[in-house]
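Single-structure report; data block below.
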Amino acid sequence: MHLEFICNGKKVSVDVPADMRALDLIRDVMGLTGTKEGCARGECGACTIIVNGKAVNSCLMYAVKLKGKEVFTIEGLSEESGKLHPLQEAFLEEGAVQCGFCTPGMIMSAKALLDRNPRPNEEEIEEAISGNICRCTGYAKIVKAVTRAGLGNNHG
Amino acid sequence: MNYLIPETLDQALRLISSQRNAKLIAGGTDLSVQIADSLISPEILVDISGLEELKGIEEKNGFLSLGAATTIDELVSSSILPHCLVQGAKSIGSPQIRNIGTLGGNICNASPCGDTLTPLIALGGILVLVSSSARRKVRLEDFFIGPKMTVCADNEILTEVLIEKDYLQGRSAFRMTGKRSGQVISQVNVAIWLEAGKSREIEKIRAAVGSVAPVPLRLKRVEQALKGRAVHERLLKEVSELINEEIKPISDVRATDDYRRRVTVTLFRDALEEALQGFN
Amino acid sequence: MGNVKLSSMGKRVRKIDGVELVTGRAKFAGDMKFPGMLYGYARRAGVPAGIIKKRDVRTALKIPEVAMVLLAEDIPGPNIIGILPPFDQPLLAAEEIRYEGESIALVVAKTKTAAKEGALAIEVEIDPLEPILEPDEALKKGARKIHPAGNITYSKKLIKGDIDKGFKEAELVVENTYHTSFQEHAYLEPEAVCAVPCGDGRVTVYASCQSPFHLRGHIAANLSVPASRVRVVQAYTGGSFGGKDDVAAEIGSLAAVASVKLGLPVMIAHEREESIKGSNLRHASRIHYKTGARRDGTIVACKIEIILDGGAYSSESPFVTMKSLIHAAGPYRIPNILVECTSVYTNKTYCGAFRGFGVPQVTFASESQMDELASRLKMDPLKLRRKNALKPGDATATGQVFERSVGLLQTIDKIEERRKSSDLPRDREDDRWLYGRGFSCMLQGISNGAEGIDVVGASVQVSQDGSVLLGVGLTDMGQGSRTVFAQVAAEVLGVTVDRVTVRQVDTDSVHDSGPTVASRSTTVGGMAVFKAAAEVKKSLQKMASLMFKAGEEQVSFKNNFASLKQDDSARIPLREVAAAAYWSGFPLMNLAFSRAPDADFDHETHQGDIYIAYNFGTHMMDIRIDRFTGRVQVLQHIASHDLGRVINLTGVEGQVEGGSLIGFGFAHMEKIESEGGSITNANFADYAVPTVKDRIPTETICVEDYNPTGAFGAKGIGEPPVAGAASAFANAVAAATGVRFTKLPITKEDILKAGGKHGRYSH
């Protein structure tokens, strides 16, 4: 099936099999391997991308569902100049990254939150990343990082 | 596998009645996993998630109409829905799943633990099922005939869920519990809608429990026992016994039957208390 | 190396490979792609025990995309994996099936889907055997032998003092039997490898793994080629916690064999279900514990019998057995100890290394005993622990005496302070919520110690521009050891951390450093880096002294400059010193080797000097429990550890917070459910890994009791928090409910059920 959509600000035009998952399109066809596969059942959040402003599990979505949509992956977050997104800076500063496998999905969930709620409280942050499992950090530093990125929004 | 995206409801209806081994897909959060696990192998998927006719929450003809393709997240963010339905919707999966999954999908998936099912039963929900030749209404509590089984025919599409506006009066509450606090499947869930007087006497009540029987269960005898009476500890004891008689929980990987029994009573009492608070 | 003032030490340092991770640019093994790459998928037994009667691959080979099917007889080498003797695990099973996740064949195909389809298409017939699912059944006389030598994997004793005499002195005896359940690592990245034939007679395997040198050995053996023909490069590894060792060797060997046969790259990336069923778990245990004490609280004797359920294969069972033995009596001064520990085969997923390595299980038992003893003595639980706590100069359970870096009492002091300043809100106890506060003390041996030689290789190169390239033989699986190593090198060479790059481990370029285990990276690995950097520094010092025309002892390095100690204003940029050193022909690279002092002990009694140090800890946890649902909320958790010296504070907190949540999951939420030997919750919906909403509010308190055997005085902190948090939780539940739970996990269901018996929690 043919589909066109916008990914990280760029137009994508591609033919995909009907049963291809959005995750496979992004990783295998487009080569954007920052989006990870951790469970293939929507239970870990490692594959989280943003579609039309909403965080979704790309492992549960057929690729054809991206038709006409605006998609963001972790690769679309930092600028081409290499300048990091405030969330990425905050994750580094707070030590919210250990193995880093959950990190892209975690950051995408957090970004979807900050885009609609620039200064979330702790409860809102917990809710937003409750679909993203992290086995390394115990989460405290992740919550702090998202809070920090949100506080930055106040000044900018 | 073929993937078809009809542009109108009529097209969708024609497709499912003319094609063999076609399956409707909305959000696909459950279906895609079932397909990946080879539990089902449809030849054709008909994606109805984009159909305008199936979208949105609106008031019409004395009913609140919820389009079947409304996402769970849209239910969560709605300001006009009864409380228990919002609470139930909020309990489903994760934000990512709620952003894709739909109300119609949660209903038609017919899992005994679906978190919108008990609220909709408590709210007297009515399902509108449409085929190319007919349109019929089914009460939610009559829709399910077993785990993953419903009365919906292969050529029918669930288009909307209706809630009588009377149910916007009154108060409702939902409670669930699972193995953990985030991203969790209900071990038990309970929804109650009621109207009551100032001294806690119940005028009208509907209550439902999930995950404690092959289908979500309306607690009719419990409703009867409570109607017209003021809620106090002795009555609650009586009701607890009735609940235990009505439910038939099993032990599975999520909980034992014993735990389900104990917690159903607690969740019921908590939901009842929350709903009653509005009348104090 | 003295206890000197350090620049980046103890501070918060950003993870040096963090940018790659937050941008998604880091390549994990499953992210790799090579021209012509094929995918492998294993056909698994699906039954826990049986004899293979038929393996017919013809249907699988008919699938057009399928390139090859490997069976046991296609493996050129011995078709064996397994970390330790008796090396009892087949790479591909051909005869007997010993657990459901056992691989029988590997299908290699152009796509993942076709490989999986092919795997399912193989016709396999297995004559089922009645599975042996409990250690007691396995140990019964006349039980079917799971392995030819019988059903005991490993059985040893620790004997200190005279146990009979000890119990004669005891005025009080506390005796209980404890159980703990299996635990899944649940690292977010399922195991993955990619094998690439290099065209020069060698094969490179990129792997998500913990111990690249183990992999190299197994791969070479199964390929039947010299180890020098195999290169293993650790890819970014998405968590391991002990788990990516045996299984990495399994899929690494399979991928390598297939890729060499086909002359094409082969990737194997596990699905989550395979990761849970087909790789090791934490041992389940049964611990019978008898403690004898005097009325004043002095513990005089401990007799402990431990049965570990090791599942189908030995994996690390022998070492886990040893570690359980050594730690079972807890961090206390006890003159008479007898511990027996036996690891047993059953027809279940095999058990091996998992963060804590046998210590969380025994610590749960020993700390439950301490609270039970305290309650019998009507003594404060922390006071009882303080009374028996190991001090410098005391003999541990193995009779080892540390004169330094025994900071247990300081960790107790820290917790005592916090206890006084924060009351448990017990007065808020009402019809709904029960409140409880639990304590635990623990110790965890640092280094391989009794498990064998403990060596680490490290290379330090300084380029002409003064930047530093570091290679260490130990892996960073997320815990942050690369950052610690960079800090150590930066400290020695006087450069800023951003001037240091740490390579992924490549078996071609650094000494075999054994496995990355036992909380030894910082301690032993840090020493290797220290030595290599110090050697390179000699060249720089010599060069700088020539440039300054001053004595070498006058020169110091700081912030990427060489300067004179007396006159800080005379400075030369390090890059100029490095360039000059290069052009003067001074060596700017060094390959160093750190070797922990050999363990000196008796294998029959486990007496002697076993580890180079212990991490000591004391935890306090406050919880409240919903009487009517059993739901638990952790209100406060304080983890105080003696870790010698903090190198990266952010890293330490990360280890303590993350380790504690794994401990909490072990103690409260996580349970492998199975039916007839098949795991029924091999997914993240039904195996309850804690989410952010289940997190606990861990606060880290560092006690720094300088450890002379570690780089800059440090001791590892990776494993210890698991045992501390799990045990404190169990004691908090007991305090809240008045019921001693002797099984982990203590789920909310268990709490509700037990409470119900006492008539306290029913409507």
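For the structure I just gave you, tell me whether B:Val215 is surrounded by fewer than 24 Cβ atoms within 10 Å (Cβ to Cβ), touching a Gly at 6+ places or on another chain (Cβ under 9 Å) and within 12 Å of chain C (Cβ to nearest Cβ).
Working: surrounded by fewer than 24 Cβ atoms within 10 Å (Cβ to Cβ): yes; touching a Gly at 6+ places or on another chain (Cβ under 9 Å): yes; within 12 Å of chain C (Cβ to nearest Cβ): no.
No, not satisfied.
With respect to the conditions (1) crowded, with 23+ Cβ neighbours inside 10 Å; (2) at negative phi; (3) within 10 Å of chain A (Cβ to nearest Cβ), B:Gly93 lacks only one, and its number is (2).
From A:Leu60, A:Leu77, which residue is crowded, with 19+ Cβ neighbours inside 10 Å, touching a His at 6+ places or on another chain (Cβ under 6 Å) and either free of Cβ contacts under 8 Å to residues at least 40 places away in the same chain or over 22 Å from C:Leu188 (Cβ atoms) (or both)? First the steps, then the outcome.
Numbers: A:Leu60 fails: touching a His at 6+ places or on another chain (Cβ under 6 Å).
Of A:Leu60, A:Leu77, the one residue that is crowded, with 19+ Cβ neighbours inside 10 Å, touching a His at 6+ places or on another chain (Cβ under 6 Å) and either free of Cβ contacts under 8 Å to residues at least 40 places away in the same chain or over 22 Å from C:Leu188 (Cβ atoms) (or both) is A:Leu77.
Let's see how each residue does on (1) of a type outside the set (A, V, I, L, M, F, W, C); (2) within 23 Å of the chain's Cα centre (by Cα); (3) crowded, with 24+ Cβ neighbours inside 10 Å; (4) under 16 Å from C:Ala186 (Cβ atoms):
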{"position": "C:Phe684", "(1), (2), (3), (4)": "no, yes, no, yes"}
{"position": "C:Gly718", "(1), (2), (3), (4)": "yes, yes, yes, no"}
{"position": "C:Ala726", "(1), (2), (3), (4)": "no, yes, yes, yes"}
{"position": "C:Ala730", "(1), (2), (3), (4)": "no, yes, yes, no"}
{"position": "C:Val733", "(1), (2), (3), (4)": "no, no, yes, no"}
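Yes/no per residue for (1) within 14 Å of chain A (Cβ to nearest Cβ); (2) among the aromatic types (Phe, Trp, Tyr); (3) farther than 23 Å from C:Ala29 by Cβ; (4) touching a helix residue (DSSP H, G or I) at 6+ places or on another chain (Cβ under 6 Å):
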residue	(1), (2), (3), (4)
C:Leu139	no, no, yes, no
C:Ala192	yes, no, no, yes
C:Gly199	no, no, no, no
C:Arg202	no, no, no, yes
C:Leu215	no, no, no, yes
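When restricted to residues that are surrounded by fewer than 24 Cβ atoms within 10 Å (Cβ to Cβ) and either in contact with a strand residue (DSSP E or B) (Cβ under 8 Å, 6 or more places away or on another chain) or of a type in the set (A, V, I, L, M, F, W, C) (or both), the range C:424-449 contains 11. Candidates are the residues of the range C:686-701 that are free of Cβ contacts under 8 Å to residues at least 12 places away in the same chain and not in a loop (DSSP other than H, G, I, E, B); the one that is surrounded by the most Cβ atoms within 10 Å (Cβ to Cβ) is C:Val692. The residues in the range B:94-113 that are under 10 Å from the mean Cα position of the chain (by Cα) and closer than 22 Å to A:Met108 by Cα can be counted, and the count is 0. Scanning the range B:101-129 for residues that are in contact with a Lys or Arg (Cβ under 8 Å, 6 or more places away or on another chain) and under 20 Å from B:Glu52 (Cβ atoms) turns up B:Leu127, B:Val128, B:Leu129.
Against the numbered list (1) surrounded by fewer than 20 Cβ atoms within 10 Å (Cβ to Cβ); (2) within 13 Å of chain C (Cβ to nearest Cβ); (3) assigned to a helix (DSSP H, G or I), B:Gln224 comes up short only at (2). Scanning the range B:227-246 for residues that are touching a strand residue (DSSP E or B) at 6+ places or on another chain (Cβ under 9 Å), within 14 Å of chain C (Cβ to nearest Cβ) and either touching a residue at least 40 places away in the same chain (Cβ under 8 Å) or charged (D, E, K, R) (or both) turns up just one, B:Val231.
Does A:Gly34 count as closer than 19 Å to C:Val692 by Cα, crowded, with 24+ Cβ neighbours inside 10 Å and within 13 Å of chain C (Cβ to nearest Cβ)? No.
Only residues that are within 18 Å of B:Gly28 (Cα to Cα) and at pLDDT 95 or above were counted in the range A:19-45, giving 14.
Within the set C:Lys743, C:Lys753, the sole residue that is closer than 30 Å to C:Glu372 by Cβ, surrounded by fewer than 24 Cβ atoms within 10 Å (Cβ to Cβ), away from chain B (no Cβ under 14 Å) and of a type in the set (Lys, Arg) turns out to be C:Lys743. When the helices (runs of 4 or more DSSP H) confined to the range C:37-139 are screened for residues that are surrounded by fewer than 16 Cβ atoms within 10 Å (Cβ to Cβ) and among the basic types (Lys, Arg), those reaching at least 1 such residues are found at C:58-62. In summary, helices (runs of 4 or more DSSP H) completely within the range A:85-141 and bearing 3 or more residues that are free of Cβ contacts under 8 Å to residues at least 40 places away in the same chain and within 14 Å of chain B (Cβ to nearest Cβ) occur at A:103-116, A:122-128. In summary, B:Glu43 fulfils each of the numbered conditions (1) within 14 Å of another protein chain (Cβ to nearest Cβ); (2) over 24 Å from A:Gly68 (Cβ atoms); (3) crowded, with 18+ Cβ neighbours inside 10 Å; (4) not hydrophobic (A, V, I, L, M, F, W, C) with the single exception of condition (3).
From the list C:Gly630, C:Gly617, pick out the single residue that is in a strand (DSSP E or B), away from chain A (no Cβ under 14 Å) and under 30 Å from C:Val739 (Cβ atoms). First the steps, then the outcome.
Details: C:Gly630 fails: in a strand (DSSP E or B).
Result: C:Gly617 is the single residue among C:Gly630, C:Gly617 that is in a strand (DSSP E or B), away from chain A (no Cβ under 14 Å) and under 30 Å from C:Val739 (Cβ atoms).
Summed over the range B:183-198, the residues that are among the small types (Gly, Ala, Ser) and surrounded by fewer than 24 Cβ atoms within 10 Å (Cβ to Cβ) give a count of 2. Determine, yes or no, whether A:Gly68 is assigned by TED's automatic domain parsing to the domain that holds A:Ala22 and in contact with an Asp or Glu (Cβ under 9 Å, 6 or more places away or on another chain). Here the answer is yes, as A:Gly68 does meet what is asked. Of the set (1) within 21 Å of the chain's Cα centre (by Cα); (2) surrounded by fewer than 21 Cβ atoms within 10 Å (Cβ to Cβ); (3) among the hydrophobic types (A, V, I, L, M, F, W, C); (4) closer than 30 Å to C:Glu673 by Cα, all apply to B:Val253 but (1).
Among residues of the range C:472-496 being under 24 Å from C:Lys27 (Cβ atoms) and in contact with a Ser or Thr (Cβ under 6 Å, 6 or more places away or on another chain), the one that is surrounded by the most Cβ atoms within 10 Å (Cβ to Cβ) is C:Leu474. Listed by position, the helices (runs of 4 or more DSSP H) inside the range C:238-350 whose residues that are more than 14 Å from chain A (Cβ to nearest Cβ) number at least 2 are C:246-262, C:317-327. C:Leu643 meets all of the listed conditions (1) within 14 Å of chain A (Cβ to nearest Cβ); (2) of a type in the set (A, V, I, L, M); (3) more than 21 Å from C:Thr180 (Cα to Cα); (4) touching a Lys or Arg at 6+ places or on another chain (Cβ under 8 Å) but one, namely (1).
Just one of the numbered conditions (1) in contact (Cβ under 8 Å) with a residue 40 or more places away in the chain; (2) under 26 Å from the mean Cα position of the chain (by Cα) is not true of C:Gly18: (1).
Restricting the range A:48-69 to residues that are more than 8 Å from chain B (Cβ to nearest Cβ) and touching a Phe, Trp or Tyr at 6+ places or on another chain (Cβ under 7 Å) leaves a set whose member that is nearest to B:Glu74 (Cα to Cα) is A:Ile50.
The values are calculated or read from the model by the stated rules, or taken from the named source; none is laboratory data. Computed from a predicted structure; not experimentally measured. Backbone-built Cβ (ideal geometry, glycine too); neighbour counts: all protein chains shown.
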